[in-house]
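The values are calculated or read from the model by the stated rules, or taken from the named source; none is laboratory data. Owing to the predicted nature of the structure, the values given are computational and were not obtained by experimental measurement. Using ideal geometry, Cβ is built from the backbone for each residue, glycine included, and neighbour counts are taken over all protein chains shown.
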Amino acid sequence: MYEPKDQPPIPSVSFARRLAVHLGLAACLLLASLSAGMVGYVSLEHLSWMDAFLNSAMLLGGMGPVNLPQTEAGKLFAGIYALYAGLVFIATAALVFTPIFHRVMHHFHWNERF
């Protein structure tokens, strides 16, 4: 996917485009995850859409839910969604920082050759 270390680093414009693609993928992942959480909270806990948004966003941000689940199905969903949200946090960070980390490392290896 990226250029190997025996090739020069890509130009800044290409890198900006690559970073924009990664940011877009991270945003799509977050949007899909937020939507799934909202649907789960609305259908299982009968929360309003705004409360479902708040709970989903807080879990995806690593803060925890605002409204504690009341039903057994809601508790199961909240637990599974919390585990999923932790993985999404890691995946989003990886999507955003991978091109940056690769470019920095590529510059180090490219400079070692000469």
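Numbers at a glance
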{"item": "Tally of residues being assigned to a helix (DSSP H, G or I) and either loosely packed, with under 15 Cβ neighbours inside 10 Å or among the aliphatic types (A, V, I, L, M) (or both) across region 1-34", "result": "19"}
{"item": "Members of region 36-56 found to be surrounded by fewer than 17 Cβ atoms within 10 Å (Cβ to Cβ) and under 19 Å from THR92 (Cα atoms), listed by number", "result": "ALA36"}
{"item": "Qualifying residue in region 48-61 (condition: under 19 Å from the mean Cα position of the chain (by Cα), on the phi < 0 side of the Ramachandran plot, at pLDDT below 95 and assigned to a loop (DSSP other than H, G, I, E, B))", "result": "yes"}
{"item": "Single condition PRO69 does not satisfy, out of (1) surrounded by 17 or more Cβ atoms within 10 Å (Cβ to Cβ); (2) in a helix (DSSP H, G or I); (3) not hydroxyl-bearing (Ser, Thr, Tyr)", "result": "(2)"}
